[in-house]
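Student: Below you'll find the structure I mean.
Readers should treat all values here as calculations from the given coordinates under stated rules, not as data from a laboratory. Everything numeric here is computed off the predicted structure, so don't read it as measured data. FYI the Cβ positions are ideal-geometry reconstructions off the backbone, even for glycines, and counts take in every protein chain you see.
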């Protein structure tokens with residue numbers, strides 16, 4: 001039991017802020033009911049957030065003849081947060097106000113083979129500068145920039161430890177970025193960013209045990225267990241894409257064979273298509289995105305090859321999701337990521353059937369499987385949320401452990 | 001965030017008691033340091049446990065010229081706890097004092113095909129009565145009986161929901177047992193019992209993220225994540241034995257194919273032996289226990305067939321454990337259960353190698369794999385710990401949610 005009183009206080013502070021963001025304006029009484037904390041604790045935490053300028057008092061509501069209750073809301077003008085989704089095929093940056101409403105966006109294309117860290121860093125910095133300029137926000141009002149990169153990250157050190165699709169090893173990403181950007185910087189990966197976005201704003205709100213499965217070039221699972229993000233001992237948890245589905249199956253770039261990612265990731269789906277129909281016009285040899293989009297259109301048009309590829313993929317995916325159901329017994333599995341968004345409802349329907357064939361009855365009966373309901377990019381939203389959490393931790397009382405280590409030099 | 005202040009208080013009460021059990025006698029100051037709770041909170045919880053008679057004051061220690069510090073210890077004479085490990089091949093009951101020291105033991109053999117609930121219940125009741133008699137404890141001083149049965153259980157309802165090796169479905173085990181026994185009864189399964197035993201007394205003490213793998217007739221994984229037992233939404237988490245290792249592989253009694261259990265459970269190991277050497281004298285067709293013991297002896301003697309079977313099993317097990325490393329990123333994996341105890345160090349060494357071949361580098365570097373270090377039966381110890389927790393919850397202030405529903409009628 002290493003969770004200290006300070007950790008619990010920080011977690012409670014996030015919890016209160018999360019509920020205010022979700023339901024502004026809100027009374028302390030409603031916050032106490034929503035969080036399970038005592039009214040005294042909530043009043044104390046709200047006082048702290050008011051003192052920091054993150055919340056403002058916005059009036060009163062009647063309470064059935066009792067004393068009117070004070071309402072608080074997020075102080076949207078307190079500052080801006082930026083979230084950046086760096087993927088194998090694109091960079092997407094968004095600037096948010098403190099209600100996590102998007103105020104500006106910037107996009108850049110990336111090719112999977114353009115994997116030079118200096119080049120990727122320059123593009124991230126350009127996207128961030130672009131949203132700051134578009135929104136007309138002074139640099140010192142940006143409370144933080146959250147950056148999500150695929151693969152395993154050392155968030156405290158700001159290092160991309162291993163990004164298999166780029167073959168990156170120990171790239172000191174935040175140190176490089178700090179040479180371009182004056183803002184506090186926070187690093188994590190898309191699994192965890194998606195998951196936090198679902199917990200704050202999406203399907204996992206109020207759910208204790210949820211798994212957010214990210215289907216893209218790589219695949220992985222963000223684990224929200226017991227109401228909090230499960231990071232594991234070295235922040236590497238969630239590498240469901242590199243669990244074995246077919247012992248001695250397709251070789252994987254991680255060095256293993258038969259990994260889930262080799263069947264459920266975009267290149268794995270392309271391989272299934274190639275095996276089923278080597279000359280299919282759906283195949284765009286240079287483009288995963290184009291191929292998956294062609295499959296999506298093919299599904300809509302009832303193309304038999306597209307239907308067969310999605311059915312086969314759902315069978316693989318269903319077995320691998322049944323593993324999560326049986327092992328973790330979650331209330332909810334959210335299918336997120338661009339592949340899930342592109343193949344949408346038809347994939348969901350096939351996946352639900354395939355999971356039902358394989359999972360044990362009791363956990364299956366308690367698990368809902370849904371598509372990500374967040375209308376914007378959940379990864380940049382989640383990355384901005386990490387920046388908000390980091391900013392809260394760094395301004396809070398004496399919480400050194402979670403303060404951002406990487407703060408850029410003023411430009 | 002549904003964890004209420006009351007849940008946190010109950011968890012803290014267990015945490016304090018766990019540290020007193022581990023390090024009796026102990027001062028409030030040491031408990032505060034060990035648990036991360038404030039001294040005021042610890043003093044409060046210790047006061048409560050003293051009031052309940054679970055702890056006693058046992059003197060003072062000097063504190064470097066300051067005021068002498070009061071020491072507390074577990075009140076071993078307050079009452080007795082009983083833990084029962086019901087397995088496919090045996091029933092093992094132990095009676096403990098409140099320091100969780102064994103005071104009496106009883107054993108009964110079971111054959112996997114003797115699966116009539118009434119018969120199993122009668123044997124459990126006989127084993128419990130035997131340890132009570134042997135220890136000479138009055139029935140009303142037994143604070144609780146914890147029973148562990150394989151498979152999925154509804155602990156609040158006291159029901160064995162599904163025990164695949166016995167083909168039990170919805171057996172109301174505690175209601176049946178309450179007809180024989182006058183004590184408060186608590187139900188759970190060996191995965192969770194082992195895990196709690198490791199957290200309180202074994203390799204997982206002080207570890208935030210640990211997985212306790214139970215290798216027996218069935219296999220499964222108890223998940224201690226973030227310092228607490230992860231149960232999942234319907235108390236079904238941990239069915240790692242029913243995750244897919246070989247898509248479309250060996251048929252499993254759960255209805256799926258290629259499950260980990262079909263390769264790593266005792267019957268799976270026997271099948272591997274049969275495939276490699278159909279006429280091996282190591283094979284005892286009627287007895288899993290005898291076969292695994294023969295394999296253990298064969299290993300010690302360098303029998304090539306035994307070596308090959310364990311090597312092959314370790315390869316399966318290594319892939320399935322690498323999945324846990326990659327997905328959960330634990331600090332520790334403990335190999336528990338009778339198969340692990342019987343095959344011991346040679347199996348451990350092979351498994352460590354096989355995991356290293358497959359797991360991702362970063363989580364692998366942070367995971368230790370060990371054999372269960374608990375010298376007695378960890379399942380009955382863990383089951384008794386559940387009885388202790390249940391007894392604490394039921395005597396504590398207004399905690400209805402976790403109080404035992406099944407209290408036997410006085411006999």
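Student: Run the simple label-point estimate for residue A:8 and residue B:8 please: 7 Å along Cα→C-beta, distance reported in nm.
Tutor: Placing both labels 7 Å beyond Cα along the Cβ direction yields 0.5 nm.
Student: Sticking with this structure for a sec: Could you give the semi-axes, largest first, of the ellipsoid that matches the range A:96-247, computed as the square roots of 5 times the alpha carbon gyration tensor eigenvalues and rounded to whole Å?
Tutor: Rounded to whole Å, the semi-axes are 26, 21, 14.
Student: Name the residue, out of B:295, B:181, B:276, whose mean-square fluctuation peaks in a Gaussian network model built on chain B with Cα pairs under 10 Å.
Tutor: Among B:295, B:181, B:276, the largest GNM mean-square fluctuation belongs to B:276.
Student: Please work out the ratio of the alpha-carbon Rg of the range A:1-125 to 2.2 N^0.38 Å and round it to two decimals.
Tutor: Its radius of gyration relative to the 2.2 N^0.38 Å reference: 1.42.
Student: I've got another one for you. Identify the residues of the range B:49-88 with backbone N under 12 Å of a label point that sits 7 angstrom from the Cα of residue B:33 along the Cα-to-Cβ direction, or state none.
Tutor: Correct set: B:63-64.
Student: Please check: in the Gaussian network model of chain A (C-alpha springs, under 10 Å), which one of A:226, A:241, A:255 has the largest mean-square fluctuation.
Tutor: Result: A:255 has the largest fluctuation of those listed.
Student: Just want to confirm a number: the relative contact order over the range A:300-400, from Cα pairs under 8 angstrom separated by 6+ residues, in percent.
Tutor: Over the range A:300-400, the number comes to 32 percent.
Student: Turning to a different aspect of this structure: For A:219, B:334, what ranking results if the residue with the fewest other Cβ atoms within 10 Å of its Cβ goes first?
Tutor: A:219, B:334
Student: Find the relative contact order for the range B:205-371 and round it to a whole percent, using C-alpha pairs within less than 8 Å whose residues are 6+ positions apart.
Tutor: Relative CO of the range B:205-371 lands at 23 percent.
Student: Now for a separate question. Just to be sure I understand the model, the point goes 7 Å from the Cα along the line to the Cβ. What's the resulting residue B:180 to residue B:40 distance in nm?
Tutor: It works out to 5.1 nm between the two label points.
Student: Just the ratio, please: alpha-carbon radius of gyration of the range A:75-165 over 2.2 N^0.38 Å, N its number of residues.
Tutor: Normalised Cα radius of gyration, the range A:75-165: 1.12.
Student: So what's the range A:157-227 giving for Rg/Rh, alpha carbon basis, Kirkwood Rh from the mean inverse pair distance?
Tutor: Result: Rg/Rh = 1.05.
Student: Order by neighbour count: A:195, A:10, A:217, fewest other Cβ atoms within 10 Å first, most last.
Tutor: With the sparsest Cβ surroundings first, the list reads A:10, A:217, A:195.
Student: Taking the Kirkwood radius as the inverse of the mean 1/r across Cα pairs, report the Rg/Rh of chain B.
Tutor: Across chain B, the Cα-based Rg/Rh ratio is 0.99.
Student: For residue B:133, go 7 angstrom from Cα along the Cα-to-Cβ vector, then report the distances to that same point in the other copies in nm, smallest first.
Tutor: 8.9
Student: Rg and Dmax of the range B:135-179, using alpha carbons, in Å: what are they?
Tutor: 12.9, 37
Student: A further question on this structure: Which distance in Å, rounded to a whole number, links the C-alpha centroids of the range A:212-235 and the range B:60-122?
Tutor: Going from one Cα centre to the other spans 37 Å.
Student: Over the Cα atoms of the range B:71-118, Rg to Rh with Kirkwood Rh, two decimal places?
Tutor: 1.19
Student: Considering just Cα atoms, how many Å³ per residue does the convex hull of the protein assembly as shown enclose?
Tutor: Per residue, the Cα convex hull of the protein assembly as shown comes to 184 Å³.
Student: Tilt of helix B:5-23 relative to the longest C-alpha principal axis of chain B, in degrees (0 to 90, nearest 10)?
Tutor: Once rounded, one gets 80 degrees.
Student: Further, regarding this structure: With only alpha-carbon atoms in the gyration tensor, what are the semi-axes of the equivalent ellipsoid for the range A:5-77, in Å, largest first?
Tutor: Semi-axes from the Cα gyration tensor: 19, 15, 10 Å.
Student: Follow-up question, since we're still on this one. Name the most mobile residue of B:39, B:100, B:223, meaning the one with the largest mean-square fluctuation, in a Gaussian network model of chain B with Cα contacts below 10 Å.
Tutor: B:39
Student: If I take every Cα pair under 8 Å that is 6 or more residues apart in chain A, average their sequence separation and divide by the length, what percent do I get for the relative contact order?
Tutor: 16 percent.
Student: Nearest-5 percent of antiparallel DSSP beta bridges in the protein assembly as shown?
Tutor: Counting DSSP beta bridges with both partners in the protein assembly as shown, the antiparallel share is about 70 percent.
Student: Taking each residue in A:362-370, count the Cβ atoms of any other chain within 10 Å of its Cβ, then average. What number comes out?
Tutor: The mean count of partner-chain Cβ atoms within 10 Å per residue comes to 4.
Student: Okay, moving on. By how many nm would the segment from residue B:365 to residue B:50 lengthen if fully extended, with 0.36 nm per residue of separation less the alpha-carbon distance?
Tutor: Contour length minus Cα-Cα distance gives 109.1 nm.
Student: Tell me the distances, shortest first, between residue B:275 and the same position across the other copies, using label points 7 Å along Cα→Cβ, in nm to one decimal.
Tutor: In ascending order, 1.9 nm.
Student: Taking a point 7 Å out from Cα toward Cβ as the label site, list the nm distances between residue B:311 and the same residue in every other copy, smallest first.
Tutor: 4.2
Student: Next question. Take every DSSP beta bridge with both residues inside chain A and express the antiparallel ones as a percent of the total, to the nearest 5.
Tutor: Antiparallel bridges: around 65 percent, rounded to the nearest 5.
Student: Could you work out, residue by residue across B:33-39, how many beta carbons of other chains sit within 10 Å of that residue's beta carbon, and then give the average as an integer?
Tutor: 3
Student: Next question. How many partner chain Cβ atoms sit within 10 Å of a residue's Cβ in peptide A:315-323, on average, as a whole number?
Tutor: 3
Student: Give, to the nearest whole percent, the P(r) tail of the range B:205-371 beyond 22 angstrom, counting all Cα pairs.
Tutor: Considering the range B:205-371, 41 percent of its Cα-Cα pairs are separated by more than 22 Å.
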